[in-house]
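Here's the structure we're looking at; comments come further down.
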Amino acid sequence: MSFTGKYQLQSQENFEPFMKAIGLPDEQIQKAKDLKSTTEIVQDGKNFKVTVTTGSKVIHNEFTIGQEFDMELMTGEKAKAIIQMEGDNKLIGTLKGVQSVTELNGDTITHTMTKGDISCKRISKRI
């Protein structure tokens, strides 16, 4: 199963409490909470290019499954990360104390981020 495609955010749960937990300023949270982000993924085997556009902010990351890379975060900072693949439809990584699980089912991507006991779930559909 290939992740390649363009996805539009449809819904999110616990966005504000999670963003506060990772240290995003209230002003940025308020601006971002109602924006529908678009994620474009290009998968070539174990290599991924991911571009997330939220309003005027664009975050671009490239990585290879199992190899450490510098990931740009929503806060603008960079952190070392390693993404692993489970099966052919799940990407799992941990960075800066946040566990990230991205699962593809058909045309739907569910991205769950967890820090401590706070989780944020974002659901996007292929467009």
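The values are calculated or read from the model by the stated rules, or taken from the named source; none is laboratory data. All values derive from a computational prediction rather than experimental measurement. No Cβ is skipped: glycine too gets one built from the backbone with ideal geometry, and neighbour counts run over all protein chains shown. These area figures cover heavy atoms from the full protein model, side chains too; ligands, DNA and RNA do not enter into them. Shrake-Rupley method; radii C 1.70, N 1.55, O 1.52, S 1.80 Å.
Quick notes
- DSSP-assigned coil residues among GluC sites (Glu not before Pro) in the range 58-89, each with at most 16 further Cβ atoms within 10 Å: Glu68, Glu77
- Considering only Phe48, Ser37, Pro25, and ranking their Cα positions along the charge dipole of the range 1-93 that arises from unit charges at the beta-carbon of Lys, Arg, Asp and Glu, the one farthest toward the positive end is Ser37.
- Qualifying trypsin sites (Lys or Arg not before Pro) in the range 23-90, DSSP loop, other Cβ atoms within 10 Å at most 15: Lys33, Lys36, Lys46
- Charges were assigned to the Cβ only: +1 to each Lys and Arg, -1 to each Asp and Glu. The resulting dipole of the chain about its Cα centre is roughly 180 debye.
- Solvent-accessible area of the chain (1.4 angstrom probe, protein heavy atoms only): carbon and sulfur portion equals 49 percent.
- Using C-alpha pairs below 8 Å separated by at least 6 residues, the relative contact order for the range 1-49 is 54 percent.
- Computed [θ] at 222 nm, helices only, for the chain once each DSSP H run of length n ≥ 4 contributes -39500 (n - 2.57): -3000 deg cm²/dmol
- Counted over the chain with a bin width of 5 Å, the fraction of Cα pairs per bin, in whole percents, is 2, 10, 20, 27, 24, 13, 4, 0.
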